[in-house]
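First up is the structure itself, then whatever we jot down about it.
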Amino acid sequence: MRECRRLILGLCCFIAAVTGGRAQADGAPELHGFASQGLVHTTDNQVHGNSTAGSLDFRELGLGGSWRPRANWLLAAQVLSRQDGEAANGEPVLDYALVDFMPLPQLPCHPGLSLGRIRNPFGLYNDSRDVAFSRPGISLPQTVYLDKVRDLFLSMDGVQLHTDHRLGDHGLQVQLNLGKEHFDDDTARIMLGNAFAGSADSDGITWVGRLLYDWHHQLQLGLSAGRGFFTYDAPRLGLSQAEGDARLWLLSAQYHAEQWTLTAEYVQQEVEAAGVMPFFSVDTLSPEGWYVQGDYRFTPRWEAFLRYEDGRADRHFRDRLGDSPVFYTRGWVTGLRWDPHPQWMLRLEYGLYDGGFILSNLDNQDPAAVVQRWNIFSALLAFRF
């Protein structure tokens with residue numbers, strides 16, 4: 001851990017030394033950063049810490065830099081610190097660090113190759129999910145972008161192949177990541193339950209890809225897919241090198257008008273864990289989720305949104321898992337955003353939920369104590385440079 005901290009500190013110093021400030025011209029080094037602090041209160045259940053008493057355990061800090069030594073070369077890195085209840089303690093981590101090369105920049109399709117730690121191209125928001133200004137709310141729609149298992153397909157160490165082609169009003173972006181994902185013990189514990197506390201690691205090559213079509217910079221249609229493997233050890237239960245297989249695909253659609261935006265996404269997953277699932281009544285789980293959100297911009301500084309979201313631990317959870325509220329979530333969320341300055345943002349939101357599928361069992365240790373119907377109030381202040 002000490003070596004990791006030294007590496008992160010060294011990277012921060014390198015970013016600051018190389019960039020020396022925000023870029024003022026093309027090709028010059030650029031420094032960027034962001035910070036956000038949230039306040040969460042729930043009537044029941046726990047979100048981002050002890051939220052029934054009011055929680056401030058939701059903050060994000062990021063510092064990064066990028067540099068183009070030549071037109072077809074890019075170096076970029078970012079360090080991230082997250083505080084999120086029991087799920088994240090604020091320890092700085094290397095979010096991404098990559099070298100990108102476009103061997104044939106003269107081609108209209110701009111083929112390229114990235115090497116290093118790379119964010120996975122998943123849906124409309126995974127690439128920048130930790131930057132508050134880029135999210136469609138204080139948190140991403142949890143029935144699709146589950147924060148409790150965010151590390152499952154967040155990023156990987158490996159390679160990305162990418163291309164971006166425009167023809168008139170039409171654009172097509174293709175990205176494919178291949179490498180080793182970051183699958184930790186907490187992620188496995190959340191997926192399999194508190195009783196299966198043990199150690200986990202990714203196994204083999206993970207792939208994540210995305211096709212994103214754009215028309216006239218107004219309509220976006222996307223298809224994302226991925227597959228990853230992991231191993232799991234829980235000696236207390238007699239489990240050794242139990243194998244897991246996680247697959248998912250996601251459909252995305254978004255339309256921008258002058259004053260409003262409409263967004264919808266649907267995700268479907270398949271999770272198999274040979275040697276683990278025999279402890280359950282099923283051998284596979286098929287989680288799914290979707291949401292629809294409408295945003296309206298009153299002025300360039302003020303906007304509001306309304307979202308409905310629905311998710312479940314398995315498509316047929318009542319027949320296969322039971323009626324417990326921990327196996328499903330559906331709810332309405334509405335919110336207001338104010339940007340008093342391009343570098344500052346304030347959000348206020350209120351949500352009405354039925355079910356606790358989106359809740360982390362790190363913050364909610366006893367599934368039997370999860371309350372079916374609960375409400376949440378959230379506020380967030382964010383800054384960027």
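Here is how the numbers come out for the structure above:
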item: Index of the failed condition, Leu306 passing every other in (1) touching a Lys or Arg at 6+ places or on another chain (Cβ under 7 Å); (2) loosely packed, with under 14 Cβ neighbours inside 10 Å; (3) within 30 Å of Leu211 (Cα to Cα); result: (1)
item: Which numbered condition Val159 misses (of (1) surrounded by fewer than 18 Cβ atoms within 10 Å (Cβ to Cβ); (2) under 23 Å from Trp249 (Cα atoms); (3) modelled with pLDDT under 95; (4) touching a strand residue (DSSP E or B) at 6+ places or on another chain (Cβ under 7 Å)); result: (3)
item: Enumeration of residues in the range 57-116 that are assigned to a loop (DSSP other than H, G, I, E, B), under 17 Å from the mean Cα position of the chain (by Cα) and free of Cβ contacts under 8 Å to residues at least 40 places away in the same chain; result: Gly90
item: Cβ-Cβ under 7 Å pairs, at least 6 apart or on other chains, the range 336-355 side more than 20 Å from Asn45 (Cβ to Cβ), far side of a type in the set (Asp, Glu); result: Arg337/Glu303; Met345/Asp339
item: Subset of the range 61-78 [of a type outside the set (Gly, Ala, Ser) and either over 13 Å from Ser155 (Cβ atoms) or surrounded by fewer than 19 Cβ atoms within 10 Å (Cβ to Cβ) (or both)]; result: Leu61, Leu63, Trp67, Arg68, Pro69, Arg70, Asn72, Trp73, Leu74, Leu75
item: Condition check for Pro300: in contact (Cβ under 8 Å) with a residue 12 or more places away in the chain and of a type outside the set (S, T, N, Q); result: yes
item: Leading residue by the ranking (surrounded by the most Cβ atoms within 10 Å (Cβ to Cβ)) among those in the range 191-212 that are modelled with pLDDT of 75 or more and assigned to a loop (DSSP other than H, G, I, E, B); result: Asp203
item: Enumeration of residues in the range 315-351 that are among the charged types (D, E, K, R) and touching an Asp or Glu at 6+ places or on another chain (Cβ under 8 Å); result: Arg315, Arg320, Arg330, Arg337
item: Single match in Gly322, Gly294 (criterion: closer than 21 Å to Glu270 by Cβ and either out of contact with any strand residue (DSSP E or B) (no Cβ under 6 Å at 6 or more places or on another chain) or free of Cβ contacts under 8 Å to residues at least 60 places away in the same chain (or both)); result: Gly322
item: Qualifying residue in the range 371-381 (condition: at pLDDT below 95, polar (S, T, N, Q) and more than 19 Å from the chain's Cα centre (by Cα)); result: no
item: When residues of the range 127-144 are limited to those that are under 17 Å from Arg210 (Cβ atoms) and at pLDDT 95 or above, the one surrounded by the most Cβ atoms within 10 Å (Cβ to Cβ); result: Val144
item: Test: residue in the range 353-367 that is acidic (Asp, Glu) and modelled with pLDDT under 95; result: yes
item: Every residue from the range 135-151 that is touching a residue at least 40 places away in the same chain (Cβ under 8 Å) and under 13 Å from Phe122 (Cα atoms); result: Val144, Leu146
item: Positions within the range 177-190 being within 20 Å of Cys109 (Cβ to Cβ) and either surrounded by fewer than 16 Cβ atoms within 10 Å (Cβ to Cβ) or at pLDDT below 95 (or both), in sequence order; result: Leu178
item: Options Gly335, Gly331; residue that is buried (at least 17 other Cβ atoms within 10 Å of the Cβ), within 20 Å of Thr52 (Cβ to Cβ) and in contact with a Gly (Cβ under 6 Å, 6 or more places away or on another chain); result: Gly331
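Matching residues to (1) out of contact with any helix residue (DSSP H, G or I) (no Cβ under 9 Å at 6 or more places or on another chain); (2) among the aliphatic types (A, V, I, L, M); (3) modelled with pLDDT of 95 or more:
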| site | (1), (2), (3) |
| --- | --- |
| Leu11 | yes, yes, no |
| Ala17 | yes, yes, no |
| Leu31 | no, yes, yes |
| Thr52 | yes, no, yes |
| Val79 | no, yes, yes |
| Glu91 | no, no, no |
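The values are calculated or read from the model by the stated rules, or taken from the named source; none is laboratory data. None of these values were measured; they are calculated from a predicted model. When we count neighbours, we look across all protein chains shown, and the Cβ atoms used for this are built from the backbone with ideal geometry, even at glycine.
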